[in-house]
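The values are calculated or read from the model by the stated rules, or taken from the named source; none is laboratory data. For clarity, every value in this text was computed on a predicted model and none was experimentally measured. All Cβ positions, glycine included, derive from the backbone under ideal geometry; neighbour counts span all protein chains shown.
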Amino acid sequence: MPENSKTLCLSGKGVTKIFGVGSKRVVAVDHVDFEFYQGELISIVGESGSGKTTLAKMLLGLTSVTEGQIYFQGKPRDISTHKKRKEYWKGIQAIFQDPFSSYNIFTKIDTVLLDCIHMRGGRNLPKEQKIEMMREACSFVNLKFDELTNKYPFELSGGQQQRLMIARIFLLKPQILLADEPTSMIDACSRSTILDMLLNLCRETKMTIIFITHDIGLAYYISDTVYIMEKGKFVEYGTADEVILNPKADYTKRLISDVPKIYEEWDLSTVQP
Amino acid sequence: MGKVMLEVRNLSTKYVTRYREDVYAVDSVSLTVEEGKSLGIAGESGCGKSTLALSLMGYYFPPLHYIAGDIIIDGKNISKLDPETIRKTILGTEIAYIPQAAMNALNPTRKIIRFIEDVIRAHDPKARKKDIYDLARKRFEELGLPASVLERYPVELSGGMKQRTVIAVSTILSPKVLIADEPSSALDVTSQKMVIKMLKDMMANGIIKSMIFITHELPLLYNVTDDIMVMYAGQIVEKGTAKEVVFDPLHPYSKGLMGSIIVPEEGVRDVKLTAIPGTPPNLKNPPAGCRFAERCKYATPECSYANVGLRGNGYGRSYRCLFDEAKLREVYANA
């Protein structure tokens, strides 16, 4: 994408989250600055406990920001009232790690998809058109809509549930999709299907996808820009090729060396207990 | 050829469900693991990997039922023993098992040393407390875990530490075979590496004599195990050394699994990931002929009814396909 056509989608200045007070305070996210542009696929990579998920929750507005400001489309984000927050969620949506607990167990699959159409203001559309839209969304993620009607989400396998999540996003068409480790609970084979679907979603609808993962290989495969997070700070960021092929920070080098490889020796002696 | 630690011959097990719909989850599996060697089992979710692990222990409880076959650990056939004998004499000393969510196996209200005490007392009720402490402290030191962990509660430990603690506790009696069922799948790469290093150290120190490692990550298996066995729909579809299976897969399914590998190396971004379409078949009524036929790119009409056996002698390289090796290579070359 040429430099001048980039529009700022989500950015933050000095975003900080502190849990607890006094001697027990924990700085989970420590004065991070970031700029995410429209249509980009951004990865945030870090170990467990590095503050990735806390940052994601702040971006979604699920937890308060202790210090700093998040800007949505250039303007400071305002989610002070419930109404404003609902409006904000039309622009940002999320997929979480655990597909099994992401659905309401009493809601059938067609209701799940129908709700998405209604949320986009399609409440008064004719029934046939709604079904057509749902069918299109299902075929985007390789699910057969006719087999899914009258089923409940828990009747599907993990990979299918995660694909249904992507079908929801396809109907909702938010500007930003936040994917918090969407593939860590499913096997390697369905993982590649889901990654390809996310890539398609990003290319076709110009959606910004923020992909949070601990697997630096995935991040390299999927993303345009990579942010590396250590102990609540971004230690390195840049295009995927820059960061992964020429890592500058020691932490990035360690993350890369810790992934099991097949074409070069995996050095086990570097492990520090 | 080393001493054979675990030998399994034509093991079949099933899940009995209501309405007499039996699920044949493990279908005549044979394997051998020698002393000092490790075997990796790969496959998608729902291929029967974990059921095979449970069946290997010989510890059957409903709905899992034994049908046929032999499990021989170090010359002793355990397949016909009753569950109570197995629990008392086999589990822990001969064969140990680390389940997938091992970190959740710890009761949060008990200290780590209590779990070790439980394991030892189950086999030797008269064991003295001091001996247990000494053994635990010595073992933890050997494995690079701080001895202070023994006096802690599970909630005070991080995920990676908990996982390593569970491994140390379950192998405290130096079992001959360790079955590790996705021990590192829920961990980040650094903790995963620590877990793997610990397993390798245990093999080197002789704490465990042999290991079966189950995962769906092929790059990990390649680095950890000597041999790899690929499972599909309860059957073995390919078996060989790690190098053979990863770099020269013969069965179309192993080939498909190889297509989903992602490692941070140059050139990965240009490779199109090739996922295998569809899902594994329902094992309530497994398809006739080749079970992989309906998802296979190279399937011929004959595949859907012909009886496909395992080619090879069953000990070295073997694979389950209608085509022989020369034909398969020709098909791959043309694709």
Any residue at all in the stretch B:16-27 that is within 23 Å of residue B:177 (Cα to Cα) and out of contact with any helix residue (DSSP H, G or I) (no Cβ under 7 Å at 6 or more places or on another chain)?
yes
Picked from the stretch B:277-295 (must be touching a residue at least 60 places away in the same chain (Cβ under 8 Å) and surrounded by 17 or more Cβ atoms within 10 Å (Cβ to Cβ)), the residue nearest to the other protein chains (Cβ to nearest Cβ) is B:280
Consider residue A:95 carefully, then state whether it is in contact with a strand residue (DSSP E or B) (Cβ under 7 Å, 6 or more places away or on another chain) and either surrounded by 13 or more Cβ atoms within 10 Å (Cβ to Cβ) or among the hydroxyl-bearing types (Ser, Thr, Tyr) (or both).
yes
Taking the stated definitions as given, is residue A:50 surrounded by 21 or more Cβ atoms within 10 Å (Cβ to Cβ), within 22 Å of the chain's Cα centre (by Cα) and modelled with pLDDT of 90 or more?
no
Could you say whether any residue in the stretch A:237-249 is free of Cβ contacts under 8 Å to residues at least 60 places away in the same chain, in contact with a strand residue (DSSP E or B) (Cβ under 9 Å, 6 or more places away or on another chain) and within 21 Å of residue B:194 (Cα to Cα)?
no
Got at least one residue in the stretch B:247-265 being more than 10 Å from every other protein chain (Cβ to nearest Cβ), in a loop (DSSP other than H, G, I, E, B), touching a residue at least 60 places away in the same chain (Cβ under 8 Å) and not acidic (Asp, Glu)?
yes
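When you go through B:113, B:212 one by one, which is the residue that is within 25 Å of residue A:191 (Cβ to Cβ), touching a helix residue (DSSP H, G or I) at 6+ places or on another chain (Cβ under 8 Å), at pLDDT 90 or above and not polar (S, T, N, Q)? First the steps, then the outcome.
Numbers: B:113 fails: within 25 Å of residue A:191 (Cβ to Cβ).
Testing whether each residue is within 25 Å of residue A:191 (Cβ to Cβ), touching a helix residue (DSSP H, G or I) at 6+ places or on another chain (Cβ under 8 Å), at pLDDT 90 or above and not polar (S, T, N, Q) leaves just B:212.
Looking at B:28, B:45, can you tell me which residue is within 29 Å of residue A:187 (Cα to Cα), polar (S, T, N, Q) and surrounded by fewer than 18 Cβ atoms within 10 Å (Cβ to Cβ)?
On the way: B:45 fails: surrounded by fewer than 18 Cβ atoms within 10 Å (Cβ to Cβ).
Answer to the selection: B:28.
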State all residues of the stretch B:223-245 that are among the small types (Gly, Ala, Ser) and either assigned to a helix (DSSP H, G or I) or surrounded by fewer than 23 Cβ atoms within 10 Å (Cβ to Cβ) (or both); if no residue qualifies, say none.
B:240, B:242
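Would you check if residue A:79 is touching a Gly at 6+ places or on another chain (Cβ under 9 Å), without any contact (Cβ under 8 Å) to a residue 40 or more places away in the chain and of a type in the set (Val, Ile, Thr)? Steps first, please.
On the way: touching a Gly at 6+ places or on another chain (Cβ under 9 Å): yes; without any contact (Cβ under 8 Å) to a residue 40 or more places away in the chain: yes; of a type in the set (Val, Ile, Thr): yes.
Here the answer is yes, as residue A:79 does meet what is asked.
Can you name every one of the strands (runs of 3 or more DSSP E) wholly within the stretch A:1-113 that holds 1 or more residues which are away from chain B (no Cβ under 14 Å) and either more than 22 Å from residue A:179 (Cα to Cα) or charged (D, E, K, R) (or both)? Don't jump to the end; show me each part of the working.
Details: elements: A:8-19, A:26-37, A:41-45, A:67-72, A:92-95.
In the stretch A:1-113, A:8-19, A:26-37, A:67-72 are the strands (runs of 3 or more DSSP E) which contain 1 or more residues that are away from chain B (no Cβ under 14 Å) and either more than 22 Å from residue A:179 (Cα to Cα) or charged (D, E, K, R) (or both).
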Just to be sure before I move on: is residue B:222 in contact with a Phe, Trp or Tyr (Cβ under 9 Å, 6 or more places away or on another chain), within 9 Å of chain A (Cβ to nearest Cβ) and over 25 Å from residue B:91 (Cα atoms) in the structure I sent?
yes
Find the residue count for the stretch A:178-208, including only residues that are more than 8 Å from every other protein chain (Cβ to nearest Cβ), under 18 Å from residue B:43 (Cα atoms) and buried (at least 21 other Cβ atoms within 10 Å of the Cβ).
2
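Can residue B:208 be described as β-branched (Val, Ile, Thr) and either in a strand (DSSP E or B) or over 20 Å from the mean Cα position of the chain (by Cα) (or both)?
Values: β-branched (Val, Ile, Thr): yes; either in a strand (DSSP E or B) or over 20 Å from the mean Cα position of the chain (by Cα) (or both): no.
No: the conditions fail for residue B:208.
For every residue, the table says whether it meets (1) in a helix (DSSP H, G or I); (2) surrounded by fewer than 15 Cβ atoms within 10 Å (Cβ to Cβ); (3) in contact with a Ser or Thr (Cβ under 7 Å, 6 or more places away or on another chain); (4) not basic (Lys, Arg).
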position	(1), (2), (3), (4)
A:124	no, yes, no, yes
A:128	yes, yes, no, yes
A:134	yes, no, no, yes
A:137	yes, no, no, yes
A:146	yes, yes, no, yes
A:150	no, yes, no, yes
A:164	yes, no, no, yes
A:167	yes, no, no, yes
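Looking at the stretch B:145-152, is at least one residue under 20 Å from the mean Cα position of the chain (by Cα) and among the basic types (Lys, Arg)?
Quick first cut of the stretch B:145-152, residues under 20 Å from the mean Cα position of the chain (by Cα) only: none.
Looking for residues that are under 20 Å from the mean Cα position of the chain (by Cα) and among the basic types (Lys, Arg), one finds none in the stretch B:145-152, hence no.
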Step by step: first the residues of the stretch B:166-207, then only those that are within 14 Å of chain A (Cβ to nearest Cβ) and β-branched (Val, Ile, Thr), then the one that is nearest to residue B:115 (Cα to Cα). Which residue is that?
B:167
In contact with a Leu (Cβ under 8 Å, 6 or more places away or on another chain), in contact (Cβ under 8 Å) with a residue 24 or more places away in the chain, closer than 30 Å to residue A:156 by Cβ and crowded, with 17+ Cβ neighbours inside 10 Å - does that describe any residue in the stretch B:74-90?
no
Considering A:161, A:175, which residue is in contact with a helix residue (DSSP H, G or I) (Cβ under 9 Å, 6 or more places away or on another chain), among the polar types (S, T, N, Q) and modelled with pLDDT of 85 or more?
A:161
Checked against (1) crowded, with 19+ Cβ neighbours inside 10 Å; (2) at pLDDT 90 or above, residue A:33 satisfies every condition except (1)
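Look at residue B:268 and say whether it is in contact with a Phe, Trp or Tyr (Cβ under 8 Å, 6 or more places away or on another chain) and either surrounded by fewer than 24 Cβ atoms within 10 Å (Cβ to Cβ) or of a type in the set (S, T, N, Q) (or both).
Values: in contact with a Phe, Trp or Tyr (Cβ under 8 Å, 6 or more places away or on another chain): yes; either surrounded by fewer than 24 Cβ atoms within 10 Å (Cβ to Cβ) or of a type in the set (S, T, N, Q) (or both): yes.
Yes; evaluated as a whole, the condition is true for this residue.
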Tally the residues that are free of Cβ contacts under 8 Å to residues at least 40 places away in the same chain, more than 14 Å from chain A (Cβ to nearest Cβ) and loosely packed, with under 15 Cβ neighbours inside 10 Å, restricting the search to the stretch B:138-165.
2
Just wondering, is there one or more residues in the stretch B:313-321 that are modelled with pLDDT of 85 or more, of a type in the set (S, T, N, Q) and either in a loop (DSSP other than H, G, I, E, B) or touching a Leu at 6+ places or on another chain (Cβ under 6 Å) (or both)?
yes
